Amino acid sequence: MGLSSAAAAAAGEGAQLCVFDLRRGQQEGQELDKILFFHPADCPILLQLSVIGLCEGIITFARIFSPDDDCEVIESEKHSHVFYQAEADIWMVLVVEKNKDIESTWRCGALQGILKEVHSLFTMFHGPIRTLLDRQPSAELARGHLRTFLTDYLSDFNAGKKLQLPTFRDCLKERGTVQMLTISREVALEVQSLTTVLGSCLGNVMCQLLVLFEDLLVSTTLPPDDTLDLYTYAILRLTPRALSSNANSWSYLRKGTSVHAGPTSSSSNGTASVERYRSRSRDTSPGGQNQMHHYFRPLQREKLYKGKDGFVAAGSTTSEVHGAVPWVPILWFQQAEDRMHLCVYQHKNITILLLIPASSLINGDDGIAHVKRHFLENASQNIVTLEQKLSRGWGGENAYHVGGYRYLLVDPDRKVSRASPPGKVTTLSKDSLLSLNRLREEIDLEKSRAKRSDSCHDKDFEVCIRAKNNAWVIAKVTRGRELYMALEKGGETLLYASTAIEKFSNRYCEGAFSTD
């Protein structure tokens, strides 16, 4: 553990993120070859090797006792090591330095969710890491993409020179889930009409479709895993709220401050290899087709904006004077097992993500332009009508607030969640949030143990803990569905907490968490 401590101290950072391949660098003197990415980029090479060597030793040691289960978390006095085997023998590890500041209290399950999320997004745009390594054994291609993609992703967590990772104040959020908008039958019929129109954009070829209102999913035709990946990307960079943030970032850049991904240095020639890749504009899409006419960084916040025609384009808002850069990336959807072009259209608070099978477009850019024309000619009125109906029925950011409750509902099988609005969660006391965060840690451990002992059956849990100031923190897991709750200024008895759960379950969860 001392080596890891030294690495953190030398880097001047509270967290490190590394990606490495256990199949590489097994010969003496070639250890550097196994490093695919390391943050912070300026950490000395010897300390990078120390950190990854320690992680590799932990993985090997854990396999002695549990050969069929991956190591997930190792806690030491000064650090938490959070592990995720993203692909066979390709590991992502987040090393977080502990300190006495209670505001830095985190939950390891939430940190592992970051690793899972960024790998899923990376795969959607660039394909599996192993495929990139097999395509180019020198690993220059994989390192180049990981460097830019992960650096852009981590920019969302930047707080000065350190990463501001999720803390106990985020215990009523669940990364890796979709938040759905509840719609009426009338709106559902309007969505179905729009889906029918958009599905015929290519004649007999069926397009896939995601419809979002604000940051909530209205409709999808993709399988659950693919829906989650695209929804996550949309929330990060494509919704009106995200594009507004992009514009602010672009204004910041125009004032003369340069923001870019620093050189990540898994190898001494890593930066040069990326520059060579850029100059060649080599294609790296999963299917081998060029995604854009220039180097494409899907998470570079300041590069996306809404064009005059309603479609999202790449570049700055001033580029429209000279003509917007086409932005139609090719995505790889693992569950659908298909490559698709992504076109994004916005009207007020509604975002349409139209996915066109790559195999159906013979004429490339001309085919995309034809689809966009068809879209604007045939679907514009449907979209206007749908947006009006959704806006009339929208209750605002507090639409899913339940008076007296601060809650999180999770359905892991469907990858769906619903939670109290963030503004309402901030009204909870620090003690209540810390208690709920600790409870979620315990539930994570119980779920992990239950999965190892019997992966075919879900285990039910119910825990009610009385916290300070007459507050109750509650966790209930029933038939795979999860409910987490904090109640403040409540009664002193367990009966009060049980009754509150029953009322909430019967009214908002169709009795899913009721004891009857």
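The values are calculated or read from the model by the stated rules, or taken from the named source; none is laboratory data. The model shown is predicted, which means the values in this text are computed figures rather than measured ones. Neighbour counts run over all protein chains shown; Cβ positions are idealised from the backbone, glycine included. Just so you know, the surface numbers come from the protein's heavy atoms only, side chains and all, with ligands and any DNA or RNA stripped out. Shrake-Rupley method; radii C 1.70, N 1.55, O 1.52, S 1.80 Å.
The fraction of accessible area contributed by carbon and sulfur in the stretch 8-163 is 52 percent, rounded to a whole number (1.4 Å probe; ligands and nucleic acids excluded). If R0 equals 51 Å, the separation of the Cβ atoms of GLU377 and ASP89 corresponds to a calculated FRET efficiency of about 0.50.
Report the FRET efficiency, 1/(1 + (r/R0)^6), for SER359 and GLN136, where r is their Cβ-Cβ distance and R0 is 22 Å, rounded to 0.05. Walk me through the numbers on the way to the answer.
On the way: r = 25 Å, r/R0 = 1.12.
It comes out at approximately 0.35.
Solvent-accessible surface of the stretch 406-509, averaged per residue with a 1.4 angstrom probe and all protein chains in place: 53 square angstrom. With Cα atoms defining each centre, the stretch 35-67 and the stretch 378-449 are spaced 36 Å apart in the structure.
Per-residue accessible area (protein heavy atoms, 1.4 Å probe) orders MET206, MET340 as MET206, MET340, starting from the largest. Once C-alpha pairs closer than 8 Å and six or more residues apart are averaged by separation and normalised to the residue number of the stretch 406-509, the relative contact order reads 27 percent. If R0 equals 41 Å, the separation of the Cβ atoms of HIS457 and HIS347 corresponds to a calculated FRET efficiency of about 0.35.
Given in Å, the Rg to one decimal and the Dmax to the nearest whole number for the Cα atoms of the stretch 8-163 are 15.1, 46. Distance between the pseudo-spin-label points of THR182 and LEU46 (7 Å out from Cα toward the beta carbon): 6.1 nm. Put simply, the stretch 351-401 fits an ellipsoid with semi-axes of 32, 14, 6 Å; these come from the alpha carbon gyration tensor as the roots of five times its eigenvalues, largest first. The trypsin sites (Lys or Arg not before Pro) of the stretch 146-248 that meet both conditions, a loop assignment by DSSP and at most 13 other Cβ atoms within 10 Å of the site Cβ, are LYS161. Using 12 Å as the cut-off for backbone N distance, which residues of the stretch 57-89 belong to the label zone defined by a point 7 Å from the Cα of LEU445 along Cα→Cβ? Taking a point 7 Å out along Cα→Cβ of LEU445, the residues of the stretch 57-89 whose backbone N falls under 12 Å are 75.
Computed with a 1.4 Å probe over protein heavy atoms only, the accessible surface of the stretch 67-170 comes to 39 Å² per residue. With only the Cα atoms considered, the stretch 103-162 has a convex hull volume of 99 Å³ per residue. Here, P(r) means the percent of Cα pairs in each 10 Å bin from 0 to the largest distance; for the stretch 406-509 it is 14, 47, 32, 7, 0.
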